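For reference, the structure discussed in these notes is given below.
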């Protein structure tokens, strides 16, 4: 991959899309992770105004520190970069008081994690609406089209996806070219939705390198039985998540009414 040319292409694509959409700029949630760092830097390079938003909900201190470091770097390097912190912790806790929580604990924990992402999505769209901006998505190809590792109508609710055709390893390659802070480049990926130190690999059960390998196989035809050892395990994890999360990655099903019923 020619990383420099890819950067040039994405920045051009962003500029063209924003110009045709007649918007004033971009808004993006900054998590302290590699994907949001790369996406926000690409948006900054367009020259359009960029609003970087921190939205902590019981966030780990390391994630907060990396997010602030990245935003400070963007402001040093580019013009028209603004930022704000909207702490959603009290909003999240208040929302929990009206929910039934006396159910299966694992299901409750997962639903609450997704609720965090959806609160952030609502916040970004409010800010996009009042500023005339587009919400920039931060999903990569493995997450968005491989295993569906995102929250439906949460971090999956965006206006455009600049890096969704890049594998995770390619996002890291782009990060080097863009000069993303080293602390972010070496940090273990995490969605930060559970308020603890668990990483993406902890949740998924496979590394991004393994998931990329599985995605590059003929996964629609092959099964885990075609592989051995760790490859078999990784492929099985990929296939299971790909199958279970189709509802996120495919268009919303529409019940089409037969013409004869409408006459």
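Listed values, structure above:
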{"quantity": "Counted residues, the stretch 170-195 - those being under 11 Å from residue 60 (Cβ atoms) and free of Cβ contacts under 8 Å to residues at least 60 places away in the same chain", "calculated": "0"}
{"quantity": "Residue within the stretch 166-174 that is buried (at least 17 other Cβ atoms within 10 Å of the Cβ), in a loop (DSSP other than H, G, I, E, B), in contact with a strand residue (DSSP E or B) (Cβ under 7 Å, 6 or more places away or on another chain) and modelled with pLDDT of 95 or more present", "calculated": "no"}
{"quantity": "When residues of the stretch 225-258 are limited to those that are in contact with a helix residue (DSSP H, G or I) (Cβ under 6 Å, 6 or more places away or on another chain) and without any contact (Cβ under 8 Å) to a residue 60 or more places away in the chain, the one surrounded by the fewest Cβ atoms within 10 Å (Cβ to Cβ)", "calculated": "232"}
{"quantity": "Subset of the stretch 59-79 [within 18 Å of residue 124 (Cα to Cα) and surrounded by fewer than 19 Cβ atoms within 10 Å (Cβ to Cβ)]", "calculated": "64, 68"}
{"quantity": "Yes/no for residue 136 being farther than 28 Å from residue 81 by Cβ and crowded, with 17+ Cβ neighbours inside 10 Å", "calculated": "no"}
{"quantity": "Count - residues of the stretch 139-165 that are buried (at least 18 other Cβ atoms within 10 Å of the Cβ) and not in a loop (DSSP other than H, G, I, E, B)", "calculated": "6"}
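Quick grid of which residues meet (1) part of a helix (DSSP H, G or I); (2) outside the structural domain of residue 31 (by TED's automatic domain parsing); (3) closer than 25 Å to residue 117 by Cβ:
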{"position": "198", "(1), (2), (3)": "no, yes, yes"}
{"position": "212", "(1), (2), (3)": "yes, yes, yes"}
{"position": "220", "(1), (2), (3)": "no, yes, no"}
{"position": "225", "(1), (2), (3)": "yes, yes, no"}
{"position": "232", "(1), (2), (3)": "yes, yes, no"}
{"position": "241", "(1), (2), (3)": "yes, yes, yes"}
{"position": "247", "(1), (2), (3)": "yes, yes, yes"}
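The values are calculated or read from the model by the stated rules, or taken from the named source; none is laboratory data. These numbers come from a predicted model, not from an experiment. All Cβ positions, even for glycine, are placed from backbone atoms using ideal geometry, and neighbour counts span all protein chains on display.
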